[in-house]
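Note sheet for the following structure.
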Amino acid sequence: MSTVSKYLVFGPADTLRRMPVQLFNEIEPKYLYKYEASDNKDEVFVAVYEEYEKQINASVTLTCIIEFTGKQNRFELKKTGGRMGFRGSSLDEEKRTIDDEVTDFILDFSKRLGLTVQQEKEEEPEEDQS
């Protein structure tokens, strides 16, 4: 199971710069890497969140890549792991996953501070009719 969500957040540079730091303070990642470009003020954060789902005996990993360019934050959330339909049991749909928490943070932070959020849709490749 692997899903990818992409978000673009636009707004003032100071507010955008604070956003990743606030996210990591509120929802602490298991691993965190930060890269700063030396020639400009661009930053890239890679955070890995992991949660163990005892009910299905599997762990779910969320890799969160945040690119700050001064004009926008680009979030790429990739969820991997877990099991679907294991042992015929139905999963508790009410349980909030780490993916939901990070997405809710992005939307809530943006709404509270008047930022613009845009979700990128994956374009499906068109089949060649040769």
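Bear in mind that the values in this text are calculations on the coordinates, not laboratory data. Owing to the predicted nature of the structure, the values given are computational and were not obtained by experimental measurement. Don't worry about glycine lacking a Cβ; one is built from the backbone with ideal geometry, like all the others, and counts go over all protein chains shown.
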Q. Of all the residues that make up region 57-71, how many are buried (at least 17 other Cβ atoms within 10 Å of the Cβ) and either of a type in the set (G, A, S) or touching a helix residue (DSSP H, G or I) at 6+ places or on another chain (Cβ under 8 Å) (or both)?
A. 5
(Q) One residue is enough: does region 70-79 have a residue meeting the conditions assigned to a strand (DSSP E or B), free of Cβ contacts under 8 Å to residues at least 12 places away in the same chain and within 16 Å of D99 (Cα to Cα)? (A) no
